[in-house]
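Read the figures in this text as sums done on the coordinates, not as results from a lab. Predicted, not measured: the structure shown is a model, and the values here were computed from it. Neighbour counts run over all protein chains shown; Cβ positions are idealised from the backbone, glycine included.
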């Protein structure tokens, strides 16, 4: 739970108490202020949930991207190693053996 969610919940609770106190005492201004606080708290909580959801979505996308990059990097490294090994084998056999293979 992020800061926005916690503060929104707290603001809703305080608003509920103010609204109830205003209703019980007949103080419409206090009751209206409490209702406004509840609404503001609900909006703040919702904003916190949106931020939290966006953060999870972005984090997941970054992790997927990093996994794809690592896969490509391994492919490039493996291909480079295979090419290096093939060149080394050709150099080890020398030009005489390559000519005898070409004559057959």
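Summary of computed values
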{"quantity": "Fewest-first ranking of 38, 84, using other Cβ atoms within 10 Å as the exposure measure", "calculated": "84, 38"}
{"quantity": "Sequence of 63, 52 once ranked by neighbouring C-beta atoms within 10 Å, starting from the fewest", "calculated": "63, 52"}
{"quantity": "For the range 3-96, convex hull volume per residue from C-alpha positions, Å³", "calculated": "60"}
